[in-house]
Amino acid sequence: MNIQEWVPGTFPIPFFQTWCCKNSSVTPSLEYSGSDGDNDIIWRNLRDAGLPPKMYECVRRNLLLNHVGVDCIHYLFNDADCREFIRNEYPPDVLVAYDRLIPTAFKADLWRYCVLYKYGGVYLDVKLGVVPPGVPPGVPPPHDGADPVKAADIAVDIDRRLKSTGVPPGVPPGVPPPHDGCATLRAIVERWLGCGCGGSIPSCNDELLVLERDAVGLWPSGRFGIHNAFIITKPKNPLFLECIFRIVSSSKVGGLGGAGHGGETGWMTRPLFVTGPGLLGDVWRSRFHRGFRRGFRRGFRPPTTIGDMEGGGGVGGGVGGDVENVPDSYATMIPYFRLFFEGDGVISYYIEPNASEKRQRQRQRQIHKGGSANSEFGTYMRLLKVYDEYPIETAGCSDVPHYTVLWSQGLVWRGGSSVST
């Protein structure tokens, strides 16, 4: 595929997905000319890729909502082309790691880090669809009729819950649920990655990530996950090169993510520390404790180029070093994220109001005699959801057992795995 590295601040942005389909595809299949998203030529490659019918509809709907050909270019990789990409673009050790991995999901994890490091852009699991448009982003949902004051109060409740309680996004007793809305990739990228009207996230302006869901005992103490089903990043982001480096290192010793097979807290999520959300969370914390915003002052230098990785640079292990005050739980990591995985296949989006929205909300509350409540609070909306037919439509599509089954049997790597690493 002829893929152009994303230049932040410009569009279209590369939009990557993968599935075990017959053919890879690029959409638009020919140079985009005009605004007719239903033009049959545009969808030719995607239609011929061999996706299951409902999955094809999900992908196509996502691309229509995100103005494919103008705001994004879509690249669907099948398994063979994922491997070919790594073979052509990365050192041999990376291909060896890819070939040694047995679980299909783990191979897809490694490929997404590789393609995002090289080109930047968006990765989205193929099962996720944009929630249909409803209430416009930034507008609190009506409740108990159409009282705008109560609507604004809902946003206040959600904001407080996100910033101070450590309770996962959801529907605690007495708090109305997050409302459905629609935010495009362009709007999200422009707001958070320094490409437009601007926003600020304390940790980084190089990527936008999804914080994992929380539950009692779900994650090992001090090791909280970052959901990797939806990622937006600038190219050459060292965060993803470090993920690649750690996976390659694990492949050489048959590592299982440093989580063991014991029965202590967090046993359900241990397979996710080999290549998935657990690993991404560990790498994110490693960057944080090395003094991301103050320069790297502790530990080993992280790899910043493929050459560094070949030479053995990078942390390559657990968090390490002085981890005092490093965010390592749902409650402490919330301020650094705007996307949240709720479980049940839902990813939601927290939108802080800009200056204009704050002023408008203040005027609205004054008109409706709502007092002088804080106008700083934003809106929490459902952004993505697994399409309903996915479990049935994809049942039996692979002969490889689920990664949890393979991990529990120590069958992560061809040639054997080590429980202790």
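Rule-based calculations on the coordinates, nothing more; no lab input. Here the structure is a predicted model, which is why all the values come from computation and not from measurement. As a convention, Cβ positions derive from the backbone with ideal geometry for all residues, glycine included, and neighbour counts pool all protein chains shown.
General observations
- Of Lys107/Lys127; Lys107/Lys236; Lys234/Lys385, those spanning more than 22 Å from alpha-carbon to alpha-carbon: Lys234/Lys385
- Net charge of the neighbourhood of Tyr403, taken over other residues with C-beta under 13 Å away and scored Lys/Arg +1, Asp/Glu -1, is +1.
- Counted over segment 74-129 with a bin width of 10 Å, the fraction of Cα pairs per bin, in whole percents, is 21, 60, 17, 1.
- Segments 116-129, 217-230 sorted - mean Cβ within 10 Å per residue, highest first: 116-129, 217-230
- With Cα atoms defining each centre, segment 226-253 and segment 59-129 are spaced 12 Å apart in the structure.
- Gain in span if fully extended, Met1 to Arg87, counting 0.36 nm per residue against the direct Cα distance: 29.6 nm
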